[in-house]
1. For region 21-36, which residues satisfy the criterion of being assigned to a helix (DSSP H, G or I) and either small (Gly, Ala, Ser) or in contact with a helix residue (DSSP H, G or I) (Cβ under 9 Å, 6 or more places away or on another chain) (or both)?
2. How many residues are closer than 18 Å to Gly122 by Cβ, touching a Lys or Arg at 6+ places or on another chain (Cβ under 9 Å) and either at pLDDT below 95 or near the ligand (Cβ under 9 Å from one of its atoms) (or both) when one looks only at region 69-106?
3. Can you tell me which residue in region 175-185 is farthest from Gly143 (Cα to Cα), limited to those that are more than 16 Å from the ligand (Cβ to nearest atom) and charged (D, E, K, R)?
4. Would you be able to say whether some residue in region 158-174 is free of Cβ contacts under 8 Å to residues at least 24 places away in the same chain, away from the ligand (no atom under 14 Å from the Cβ) and exposed (fewer than 15 other Cβ atoms within 10 Å of the Cβ)?
5. With the requirement that a residue be hydroxyl-bearing (Ser, Thr, Tyr) and part of a loop (DSSP other than H, G, I, E, B), what does region 153-206 give you?
6. State which residue pairs qualify: first residue within 16 Å of Thr93 (Cβ to Cβ) and part of a loop (DSSP other than H, G, I, E, B) and inside region 125-147, second residue modelled with pLDDT of 95 or more and within 9 Å of the ligand (Cβ to nearest atom) in any location, beta carbons under 6 Å apart, and separation of 6 or more residues or different chains.
Amino acid sequence: MENRTGRNDLFALLNTYCDQHSTPPSDILYQLERETYLKTLAPQMMSGPLQGQFLRFLSLWMQPKRILEVGTFTGYASLCLADGLPDNGELHTIEANVELEYLIRKYFNQSPKKDQLHLHIGNAITIIPSIPGMFDLIFLDAGKLDYANYFDLVIDRINPGGCLLADNVLWSGKVVKNASDNDTESMRAFNRKISEDPRVEQVILPIRDGLLMARKI
Ligand SMILES: C[S@@+](CC[C@H](N)C(=O)[O-])C[C@H]1O[C@@H](n2cnc3c(N)ncnc32)[C@H](O)[C@@H]1O
């Protein structure tokens with residue numbers, strides 16, 4: 001049976017179970033999650049504890065020197081990804097909504113990696129080309145209609161063996177339902193585009209709203 005968010009009850013229960021049996025978030029992440037729920041209109045956009053822990057583990061294993069996140073929101077995923085940065089590493093994250101800057105900076109300033117975190121406020125489409133250099137780990141999580149454009153902007157800037165992640169690729173399950181709204185069509189087109197691109201191999205994980213992981217060949 002589906003609940004009002006379009007989610008299967010069993011899926012929701014399993015997510016809660018996974019949350020309860022995963023290492024809990026740090027104090028900073030816990031406070032950031034609380035403040036995101038108190039002060040923003042769409043807190044469900046935040047990666048949250050389960051996906052955040054997954055991003056953190058991936059980054060800790062990869063030890064990426066350069067990370068790019070497209071769509072910061074309040075910085076939850078940025079802080080998770082930053083945990084794997086080596087001392088000479090850096091994370092760039094891009095957010096279009098200037099209203100979120102104070103909250104992002106408040107929590108970035110509490111991170112032990114604060115000097116390695118670079119926040120860019122503005123439209124990712126114009127900001128991505130202005131950040132020079134190659135990346136080892138990229139997380140796409142901004143406007144869904146632009147996913148294919150973000151991909152085209154970053155794919156040749158990922159080092160071989162590097163990883164591209166894209167969030168929300170199952171779009172509340174609508175990708176396999178009879179939905180034909182722009183966001184759903186765009187997500188289907190994005191998933192098809194990646195699966196046909198010989199520069200990457202990929203796997204879609206049914207974590208949260210669907211997380212695509214692509215490895216640059
Ligand atoms: C799903 S939220 C990001 C969540 C965050 N990555 C996390 O995991 O906690 C998407 C964010 O992308 C931002 N955004 C949307 N379009 C954008 C664009 N063209 N450039 C930069 N940011 C954009 C939105 O303002 C929103 O804060």
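1. Ile28, Leu29, Tyr30, Gln31, Leu32, Glu33, Glu35, Thr36
2. Of the residues in that region, 2 qualify.
3. Lys177
4. no
5. Matches in region 153-206: Ser180 only.
6. Once the first residue is within 16 Å of Thr93 (Cβ to Cβ) and part of a loop (DSSP other than H, G, I, E, B) and sits in region 125-147, its partners that are modelled with pLDDT of 95 or more and within 9 Å of the ligand (Cβ to nearest atom) give Asp141/Gly71; Asp141/Asp167; Ala142/Val70; Ala142/Gly71; Ala142/Ala124.
The values are calculated or read from the model by the stated rules, or taken from the named source; none is laboratory data. Keep in mind that what you see is a predicted model, and the values were worked out from it rather than measured. Cβ coordinates were reconstructed from backbone atoms using ideal geometry, including for glycine residues, and neighbour counts include every protein chain displayed.
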